[in-house]
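Please treat every number below as a calculation from the coordinates, not as lab data. As the structure is a prediction and not an experimental result, all values here were calculated from the model. Neighbour counts are summed over all protein chains in view; Cβ atoms, including those assigned to glycine, are modelled from backbone coordinates with ideal geometry.
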Amino acid sequence: MILHNTHKLLLLLLFFVQIFSGFTLRIKYKFDIDSKYKAEAHINGKHSINGEFKTDYTQYYKVITSILSVNENDLAEIQDDGYYYINNTTIETLKEVKSNILTTYFKDNTGVTFAPTDTPFPVMRNIPYIPDIEITPGTTWDFDGLEVQEFFNDKIISILPVTVNYTFIGMDKELEDICEIKYTITVNVENKLTGSIDSRIRSVNGISNNTLLFNIKTGSPFKEIYNRDYKILTYNQSLDSNFVYEFKDTGERIWTLVEKIPETIMESLKEETKNIDDVTITQDDKGIKLSLDDIKFLPDSATLTETERIRVEKIANIIEKYKDKKTLIVGHTTDRGTEAGRQKLSTERARSVTDFLISKGAIIQENTQIMGQGGNQPVAPNTTLEGLKKNRRVEIYILEE
């Protein structure tokens, strides 16, 4: 306890020294090839229409950021693997993935971003921007950015030009190697129908106040807190009427380094599952994947057959030793039926396998996510019996996070 308090006093002393001693600092983003970061965001807000309160909402999303390459000018090629979860998901509950989006873009060491215009990730572009200059507590700067939003949850995105004003506060009083930057995002946009903003929107006005904690040693964000108040004026052509949607919310994003899963785990899983039929073990960017091919349920349902329960229980006994790790269960179907029906069935089957694994103590609910992919990711042609068996599968991921 004495050592802990002494450390806090030293950090507090350094905080005051930097203010009165001409302390300066040059901050920049750093990119290490093959490194991964996870950013998790949790948002709570209120939604009103024409000034009348409509609903409270909770949102949760996660982005796994991988550094693919870095050139001699410190321009990094980055891949974001983004997961949006159904509304009212919390960190403590089983998380159902609403959508999973993979985006590749470029970013330099000041935060300037070069990204596709047809994807919601990264949500903030050129934000936060950190100038390549010596800064001291109280230094301010401005740099315009872009904010990408899907306001009506129907996959139609709007790219909004925003003005951003920054102030460098200094090194944090309690956290080592962490500095604090405050910035305000102001949006004041009239839709000129150029295609970059949803045509239903006439204007967007609002402000977001943000506090960023940045790790100067790793060159990456550590934590961000924001308060946002946006008003969206829309026009309903069929009703010949305007509506004002207002969103007030607070959010928190936390970044952590993702550690790779040791290759010995995959080799062990291959050895332990070699006598179980139709199980394939592979490794990809998400982690280690156990694919249960030709998985059998009762007709047109998500109920495992008795023989299938025996197979899945064998898997449960094997993966139980890794239950402290995050897991993702993904359901897949063949191309039979409607798209909506396939999506619903694949999600229900992923949930069924998840519930069974939880009941056997093989995985932990709060560490687990589920996702249905319908028939969107076939691994074989649906024109043969063998292909149908391979596509009718559930995948269990042991995640690298």
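Apply the a/c threshold of 1.5 to the C-alpha gyration tensor of the stretch 299-363 and tell me whether it is rounded, prolate or oblate.
prolate
Please label the shape of the stretch 202-281 as rounded, prolate or oblate, based on the square roots a ≥ b ≥ c of the eigenvalues of the alpha-carbon gyration tensor (a/c under 1.5 means rounded; beyond that, a/b larger than b/c means prolate, else oblate).
Oblate, because a/c is 1.5 or more while a/b does not exceed b/c.
Angle between the Cα long axis of helix 2-20 and the longest principal axis of the chain, 0 to 90 degrees, nearest 10?
In the chain, helix 2-20 runs at an angle near 50 degrees to the longest axis.
Work out the length of the dipole vector of the chain about its Cα centre, built from +1 on the beta-carbon of each Lys and Arg and -1 on the beta-carbon of each Asp and Glu, and round it to the nearest 20 debye.
Around 600 debye, computed over the chain.
Quick one: net charge of residue 338's neighbours, Cβ under 15 Å, K/R +1, D/E -1?
Summing Lys and Arg as +1 and Asp and Glu as -1 gives -1.
Quick check on the chain: of the DSSP beta bridges with both residues there, what percent are antiparallel, nearest 5%?
Working: 125 of 132 bridges.
Taking every DSSP beta bridge with both residues in the chain, the antiparallel ones total about 95 percent.
For the stretch 263-399, what is the charge dipole size about the Cα centre, in debye to the nearest 20, if Lys and Arg each add +1 at the Cβ and Asp and Glu each add -1 at the Cβ?
200
I need the Debye-formula profile for the stretch 24-257: one equal scatterer per C-alpha, no solvent, reported as log10 I(q)/I(0) at q = 0.10, 0.16 1/Å, two decimals.
-0.49, -1.27
Using a ≥ b ≥ c from the Cα gyration tensor of the chain (square roots of the eigenvalues), is it rounded, prolate or oblate, where a/c under 1.5 gives rounded and otherwise the larger of a/b and b/c decides, a/b for prolate?
oblate
What ranking do 187, 394 get, fewest neighbouring Cβ atoms within 10 angstrom at the top?
By the 10 Å Cβ count, ascending, the order reads 187, 394.
Could you work out the pair-distance distribution P(r) of the stretch 168-246 from its alpha-carbon pairs, with 5 angstrom bin width and percents rounded to whole numbers?
Result returned by the calculation: 3, 14, 17, 15, 11, 10, 10, 9, 7, 4, 2, 0.
Just add up the charged neighbours of residue 225: K/R +1, D/E -1, any other residue whose Cβ is under 9 Å from the Cβ of residue 225.
Result for the neighbourhood of residue 225: 0.
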